[in-house]
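Some notes on the structure that comes next.
The values are calculated or read from the model by the stated rules, or taken from the named source; none is laboratory data. Note that the structure is predicted; figures quoted are calculated from it, not measured. Every residue, glycine as well, gets a Cβ built from its backbone with ideal geometry; the counts of neighbours run over all protein chains shown.
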Amino acid sequence: MPVSREWIYLDHAGVGPISAPARACVLDWAEEATNDGASNWARWHQGVENARKSAATLVGASTDEISLVKNTTAGICVVSEGFPWKEGDNIVVPANEFPSNLYPWMILEAKGVETRRVPVEDGRLDLDRMAAACDDRTRIVSASWISYSSGWRNDVAALAQMAHDNGALFFLDAIQGLGVFPLDVEETGVDFLAADGHKWMLGPEGAGILYVRREHLDLLQTTGVGWNSVKQERDFGLIDLDLKPTAERFEGGTQNMVGFLGLGASLDLLLSCEIEAVGKRVLEISDFVCEKLEAAGAEVACCRDPERASGIVPFLMPGVQVDGARARLTEQGVVLSERGGRLRISPHAYNTEEEMERLVDILKQSAT
């Protein structure tokens with residue numbers, strides 16, 4: 001990760017740096033596209049298909065269940081706009097979700113579909129409270145794997161089971177967990193999943209994945225239909241609305257090819273390290289920095305139970321004003337975020353104990 005040469009980079013829950021393999025892919029594409037135009041398009045296309053395979057491996061799916069999308073929101077909208085809603089239906093979602101997992105559901109109010117936002121105490125999702133919000137008109141339960149603000153990591157299988165027990169399907173916003181923690185959508189019962197690659201997956205912005213369980217492909221109306229949605233995708237003279245039998249039908253038209261090439265390279269890097277080992281290291285370095293922060297008098301506002309903890313660490317440091325802290329600390333070589341009135345760090349597996357100690361020293365020195 002070249003970013004570590006100049007920065008203590010602790011904002012993977014915001015926008016992560018791309019990996020060295022991703023950079024190489026992007027630069028190679030740029031060089032070829034500049035000098036050779038689209039003469040290498042077939043090879044680029046194969047690289048994109050390899051990224052699809054890597055994404056499928058990452059989540060335990062088949063490649064025909066993976067759609068390559070521009071971001072998490074786009075993936076959620078494929079489901080929210082394509083689901084066969086009826087007036088009086090509802091969606092159940094935690095109230096503290098990132099806007100991407102709220103607005104695509106809330107806008108369905110115009111169709112008579114209610115979005116039930118379940119209150120969350122101290123950033124910790126209560127499964128019983130979610131279940132109590134469901135009824136016989138609940139069609140989808142949607143939740144994040146990991147809360148962007150509190151770092152609380154949900155039990156994906158338990159959420160999916162709760163949704164199914166109430167006759168609903170389960171949508172997982174996986175952006176804060178993919179690339180760090182293992183996931184098998186088949187075993188956990190996830191029906192739909194979306195995640196952009198620009199956070200923990202270390203890919204470029206604008207390149208993400210959508211998973212649609214095979215049995216639900218025909219449940220969704222295909223929106224955003226384009227030349228790439230049909231079986232005869234390159235036979236432009238044959239106009240026949242014969243949709244692909246896979247999740248590729250949701251991709252519409254021309255893709256962010258360079259973005260997906262970069263994403264694929266980063267996914268291959270992460271997979272080569274074994275995702276379980278990546279997650280173990282992220283928890284290890286996050287626990288370490290929590291201990292150092294607390295020893296320095298900070299108030300750490302996240303659960304460190306191994307089953308619930310993540311790489312997201314929100315905290316308050318005595319004497320350190322939150323507003324403007326990101327800009328001030330950037331000047332000292334530290335990149336973090338401000339979220340919900342707290343500072344938020346989110347280290348990845350490549351971050352070191354020395355960097356965490358340096359962070360705490362900088363924070364103490366900047367306290368007024």
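Overview of results
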read-out: Among the residues listed as Gly112, Gly123, Gly75, the single one being among the small types (Gly, Ala, Ser) and more than 20 Å from the chain's Cα centre (by Cα); value: Gly112
read-out: Any hit, segment 84-103, residues being assigned by TED's automatic domain parsing to the domain that holds Ala195, surrounded by fewer than 22 Cβ atoms within 10 Å (Cβ to Cβ) and in contact with a helix residue (DSSP H, G or I) (Cβ under 6 Å, 6 or more places away or on another chain); value: yes
read-out: Among the candidates Leu270, Leu283, Leu261, Leu343, residue that is in a strand (DSSP E or B), modelled with pLDDT of 95 or more and within 22 Å of the chain's Cα centre (by Cα); value: Leu343
read-out: Cβ-Cβ under 9 Å pairs, at least 6 apart or on other chains, segment 164-185 side over 15 Å from Asn71 (Cα atoms), far side surrounded by fewer than 17 Cβ atoms within 10 Å (Cβ to Cβ) and polar (S, T, N, Q); value: Phe170/Gln161
read-out: Scan of segment 296-343 for residues that are in contact with a Gly (Cβ under 8 Å, 6 or more places away or on another chain) and within 27 Å of Cys273 (Cβ to Cβ), ordered by number; value: Cys302, Cys303, Ala309, Ser310, Gly311, Ile312, Val313, Pro314, Ser337
read-out: Filtered residue count, segment 120-149, keeping only those that are free of Cβ contacts under 8 Å to residues at least 40 places away in the same chain and assigned to a strand (DSSP E or B); value: 1
read-out: Tabulated pairs, segment 92-113, first aromatic (Phe, Trp, Tyr), second assigned to a helix (DSSP H, G or I), C-beta under 7 angstrom, 6+ apart or interchain; value: Trp105/Ser80
read-out: Residue selected from segment 296-310 under the condition within 21 Å of Asp361 (Cβ to Cβ) and touching a residue at least 60 places away in the same chain (Cβ under 8 Å), by the criterion surrounded by the most Cβ atoms within 10 Å (Cβ to Cβ); value: Ala298
read-out: Top-ranked residue of segment 312-340 - restricted to ones that are basic (Lys, Arg) and over 18 Å from the mean Cα position of the chain (by Cα), ranked as farthest from Val180 (Cα to Cα); value: Arg328
read-out: Failed criterion for Leu219 (all others in (1) surrounded by fewer than 19 Cβ atoms within 10 Å (Cβ to Cβ); (2) in contact with a strand residue (DSSP E or B) (Cβ under 8 Å, 6 or more places away or on another chain); (3) modelled with pLDDT of 95 or more; (4) not charged (D, E, K, R) hold); value: (2)
read-out: Options Asp235, Asp196, Asp218: the member that is of a type outside the set (Val, Ile, Thr), free of Cβ contacts under 8 Å to residues at least 60 places away in the same chain and under 27 Å from Ile91 (Cβ atoms); value: Asp218
read-out: Qualifying residue in segment 54-63 (condition: more than 29 Å from Thr330 (Cα to Cα), in a loop (DSSP other than H, G, I, E, B) and not aliphatic (A, V, I, L, M)); value: yes
read-out: Pick from segment 227-250, criterion out of contact with any Lys or Arg (no Cβ under 7 Å at 6 or more places or on another chain) and closer than 18 Å to Ala42 by Cα, ranking: surrounded by the most Cβ atoms within 10 Å (Cβ to Cβ); value: Glu248
read-out: Given (1) assigned to a loop (DSSP other than H, G, I, E, B); (2) closer than 14 Å to Pro347 by Cβ, number of the condition Gly297 does not satisfy; value: (2)
read-out: Candidates Gly319, Gly279, filtered to the one that is out of contact with any helix residue (DSSP H, G or I) (no Cβ under 6 Å at 6 or more places or on another chain), closer than 29 Å to Trp152 by Cβ, touching a residue at least 24 places away in the same chain (Cβ under 8 Å) and surrounded by fewer than 17 Cβ atoms within 10 Å (Cβ to Cβ); value: Gly319
read-out: Arg358, sole failed condition from (1) in the same structural domain as Arg153 (by TED's automatic domain parsing); (2) modelled with pLDDT of 95 or more; value: (1)
read-out: Condition check for Leu193: closer than 20 Å to Ser147 by Cα, in contact with a Phe, Trp or Tyr (Cβ under 6 Å, 6 or more places away or on another chain) and assigned by TED's automatic domain parsing to the domain that holds His164; value: yes
